[in-house]
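In what follows, a single structure is set out as structure tokens and then discussed.
Values in this text are rule-based calculations from the coordinates and carry no lab data. Given the structure is predicted, the values throughout are model-derived calculations rather than measurements. For neighbour counting, all protein chains shown are included, and Cβ atoms are generated from backbone atoms with ideal geometry for every residue, glycine included.
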């Protein structure tokens with residue numbers, strides 16, 4: 001029985017679940033649910049202290065994927081360096097679109113959110129919700145960069161902020 005949506009992961013692999021970001025496969029187990037034996041990936045999300053079980057057969061449909069390729073990461077970096085494209089629609093509508101992009105798990109879409117919400121120090125102050133969405137996108141992309149480049153999330157965040165040209169105020 002072959003299924004196009006079955007992606008083969010091994011214990012220890014880093015994966016991206018669209019709604020939660022980067023997690024690690026802790027193991028693969030078989031559980032009996034309603035009399036059926038179902039293989040499940042056990043995924044832990046260290047940052048959120050969360051565990052998730054995804055049926056192996058539904059992993060593709062759920063959007064579970066391997067970390068992005070170097071080329072896809074380069075596309076995301078190129079997007080970060082681009083000019084912001086802020087549409088003149090109501091904030092609530094844009095916020096909804098930004099959340100959808102973040103939850104898509106696509107690094108380029110997340111980079112678009114970061115690029116569009118980035119504020120230079122001399123520009124107007126960000127609203128609370130803009131900062132929240134920006135921070136969420138930054139953390140999501142930084143986790144994937146950290147896993148790909150095998151560096152700390154803090155280091156990945158600093159790299160992304162350098163690319164964006166944001167200047168962190170001294171704490």
In vacuo Debye sum over C-alpha of the stretch 70-164, base-10 log of normalised intensity I(q)/I(0) at q = 0.16, 0.23 Å⁻¹, listed in q order, is -0.62, -1.26
Under a plain spin-label model, where a point goes 7 Å from the Cα along Cα-to-Cβ, how far apart in nm are residue 129 and residue 83?
2.8 nm
Round to the nearest 10 and give me the degree value, 0 to 90, for the angle of helix 91-104's Cα axis relative to the longest principal axis of the chain.
40 degrees
What angle do you read, to the nearest 10 degrees and between 0 and 90, between the alpha-carbon axis of helix 128-149 and the longest principal axis of the chain?
60 degrees
Distances longer than 23 Å among the Cα atoms of the chain: what percent of all pairs is that?
45 percent
Report the calculated FRET efficiency for residue 155 and residue 36 (r = Cβ-Cβ distance, R0 = 45 Å), to the nearest 0.05.
0.50
Once both axes come from the Cα atoms, what is the angle between helix 70-81 and the longest principal axis of the chain, in degrees from 0 to 90, rounded to 10?
20 degrees
What number, in percent, do you get for the relative contact order of the chain if the mean sequence gap of Cα pairs under 8 Å and at least 6 apart is divided by its residue count?
20 percent
Which length gain, in nm to one decimal place, applies between residue 97 and residue 51 when the Cα-Cα distance is subtracted from 0.36 nm times their residue separation?
13.9 nm
